[in-house]
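Inspection log for the structure reproduced underneath, given as structure tokens.
The values are calculated or read from the model by the stated rules, or taken from the named source; none is laboratory data. Keep in mind that what you see is a predicted model, and the values were worked out from it rather than measured. All Cβ positions, glycine included, derive from the backbone under ideal geometry; neighbour counts span all protein chains shown. Surface areas here come from the heavy atoms of the whole protein model, side chains and all, with no ligands, DNA or RNA. Shrake-Rupley method; radii C 1.70, N 1.55, O 1.52, S 1.80 Å.
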Amino acid sequence: MMKQIYLKRGKEESLLRFHPWIFSGAIHHTDKDVEEGCVVRVVNDKGDFIAVGHYQQGSIAVRVLTFNDVEIDHQFWTSRLHSALQMRIAIGLAPPGDHLNDSPCGAVSPLLKKTNAFRLVHGEGDLLPGLIIDLYGDTAVMQAHSIGMHLARHAIAKALAQVMEGRISNIYYKSETTLPFMEPENGFLLGQTDNNIAIENGLQFYVDWLRGQKTGFFVDQRDNRSLLEKYARGRQVLNMFCYTGGFSFYAMRGGAELVHSVDSSAKAIELTRRNVELNFPNDPRHEAFCEDAFKFLDSLSNTKSSYNLIILDPPAFAKHRGALHNALKGYTRLNQKAFEKIASGGILFTFSCSQVVTKDHFRNAVFTAAALAGRKVRILHQLHQPADHPINIYHPEGEYLKGLVLYVE
Ligand code: SAH
């Protein structure tokens, strides 16, 4: 029998609109011995069924898995994963047939032949709150953001292997950083491989499953990197917060004159160097600097800096709502420095991946930065997360990545 959670009167309202979170304040009481991460049945004050989800102590007390009164079993996981896969087939990222190069109808999209790294499951966006699965070639990297998903990892891996049969050979589980208090061990749940080179738009990169951030690579910037490539010809590029160098090697392929990559992490800089070498061996155009981004910008001359294509893709400055105000100040400060240094006729790609910072907040912070620097600035593009990071329409909080491409006179 599933344990039950009883809501306070009237607190089911957001759930009737399919919002997938139940906050602790909405709960009247719970059955005895409801354990962290267990599957619970949620009912309203009259005892009517509302939802089934994972329970966890904290402000988000239940993450809803389904609004149907069903068991969370093998059939449930396969059906959710199958639907996630169908969506990636629909957007041309996953092969329709069983094998990467073997489509039954011969209609493999050109992107598919050049990209084997994408997000298969994006939490709430795929009706699986707390679960992330990225694919790198025939390896899936799975990450739990909730205790419920951690406890279900073997069941999910089994369903994933079945749904992805013929497409993946390995499943790597990586939740050490997302569930530190659980101390989950990273490791393979299926297969094992040393081959950690993946392909994005024909460019190769090492994925550091073992120690890298997120699942090892930021797959969410794929489309934005492509756009950058188009603007790179003949430019002097500064890639701030480069991590594994994604934007840098796109800029190089786009014909940049020089590319400088900056990150404060020595490991990131090492990976950037290896990735550039992998795609452009012995190319003298690239140089990487292990330095703090703010200090690096400060050290440039306002008038003599010749960078005319700058990328600012910092880590989330605000991880929760309380940090919003300071985060916005941080975005303003960072962008102001870039506006002060960018050469005339320059193009700035600037991003925020903080979920609590809205598109309008961010635009306002960048607007303030431009005004403080006194530059003439035009918005060329407004960017966001790619289609394999879908937003559940009932969960607007799922929108997290936003960016602006600016022309600075
Ligand atoms: N643009 C990258 C992703 C950036 S992730 C990509 O396309 O893959 C954010 C990066 O910022 C991390 O690599 C982190 O090491 C780096 N970072 C964090 N604080 C920093 C700082 N103060 N100065 C420079 N880099 C920083």
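Accessible surface of L189, taken over heavy atoms with a 1.4 Å probe and every protein chain present, rounds to 60 Å². Simple point charges give the picture: +1 on the Cβ of Lys and Arg, -1 on the Cβ of Asp and Glu, and for the chain a dipole about the Cα centre of about 1340 debye. Each of E229, E291 has its accessible area taken with a 1.4 Å probe; listed largest first, they run E291, E229. Rolling a 1.4 Å probe over the protein heavy atoms leaves K402 with an accessible area of roughly 10 Å².
Take the solvent-accessible surface of the protein heavy atoms, probe 1.4 Å, and return the percent of it on the chain that carbon and sulfur atoms account for.
Answer for the chain: carbon and sulfur cover 50 percent of the accessible area.
Database remark: amide H of D45 closer than 5 angstrom to the amide H of L7, G10 (H placed geometrically; neighbours at sequence offset of 5 or more, or on other chains; Pro and chain starts carry no H).
Neighbours of I391, meaning other residues whose beta-carbon lies under 13 angstrom from its beta-carbon, give a summed charge of -3 when Lys and Arg score +1 and Asp and Glu score -1. Sequentially through the range 122-134, phi angles give Karplus couplings (6.51, -1.76, 1.60; θ = phi - 60°) of 10, x, 4, x, 10, 6, 10, x, x, 10, 10, 9, 10 Hz, Gly and Pro residues having no value and appearing as x.
Find, among the trypsin sites (Lys or Arg not before Pro) in the range 242-337, those assigned to loop by DSSP (not H, G, I, E, B) with at most 14 other beta-carbon atoms within 10 angstrom. Write out the running numbers ahead of the final one.
Values: sites: R253, K267, R273, R274, R285, K295, K304, K319, R321, K329, R333, K337; in loops: R285, K304, K319.
Here the sparse-neighbourhood loop sites are K304, K319.
Note on the chain: GNM, Cα springs under 10 Å; of P315, P96, P20, the largest mean-square fluctuation is that of P315.
Over all other residues within a Cβ to Cβ distance under 10 Å of H28, the charged ones net out to +2, with Lys and Arg as +1 and Asp and Glu as -1.
Within the shell defined by Cβ-Cβ distances under 9 Å, the residues around K402 carry a net charge of +1, with Lys and Arg each +1 and Asp and Glu each -1. Across the chain, how large is the tail of the calculated P(r) beyond 30 Å, expressed as a percent of all Cα pairs? Percent of Cα pairs beyond 30 Å in the chain: 46. Of the residues Y394, Y331, Y407, the one with the largest accessible area comes first in the ranking Y394, Y407, Y331, computed with a 1.4 Å probe on protein heavy atoms.
Might you report the magnitude of the Cβ-based charge dipole of the range 116-258 about its Cα centre, with Lys and Arg at +1 and Asp and Glu at -1, to the nearest 20 debye? Write down the numbers at each step before the final one.
Numbers: 13 positive and 15 negative charges, 73 e Å.
Once rounded to the nearest 20, the dipole reads 360 debye.
Exactly which GluC sites (Glu not before Pro) in the range 168-212 are in a DSSP loop and have at most 14 other Cβ atoms within 10 Å?
Working: sites: E176, E185, E200; in loops: E176, E185.
In loop regions of the range 168-212 (DSSP not H, G, I, E or B), the sparsely surrounded GluC sites (Glu not before Pro) are E185.
Among the protein heavy atoms, those of D360 account for about 110 Å² of accessible surface (1.4 Å probe, every chain in place). Short-range pairs are left out: with C-alpha atoms under 8 Å and at least six residues apart, the relative contact order of the range 262-338 is 29 percent. What are the GluC sites (Glu not before Pro) within the range 1-102 that DSSP puts in a loop, where the Cβ has at most 13 other Cβ atoms within 10 Å? Answer by residue number: E35, E71. Residues whose amide H falls under 5 Å from that of Y172, counting only those 5 or more places apart or on a different chain, are A140, V141, M142, L189, with hydrogens built in the peptide plane. Taken per residue, the accessible surface of the chain reaches 45 Å², heavy atoms only and a 1.4 Å probe. Computed 3J(HN,Hα) for the range 64-71, one whole-Hz value per residue from the Karplus formula 6.51 cos²θ - 1.76 cosθ + 1.60 where θ = phi - 60°, is 6, 9, 7, 9, 9, 7, 10, 7, glycine and proline marked x.
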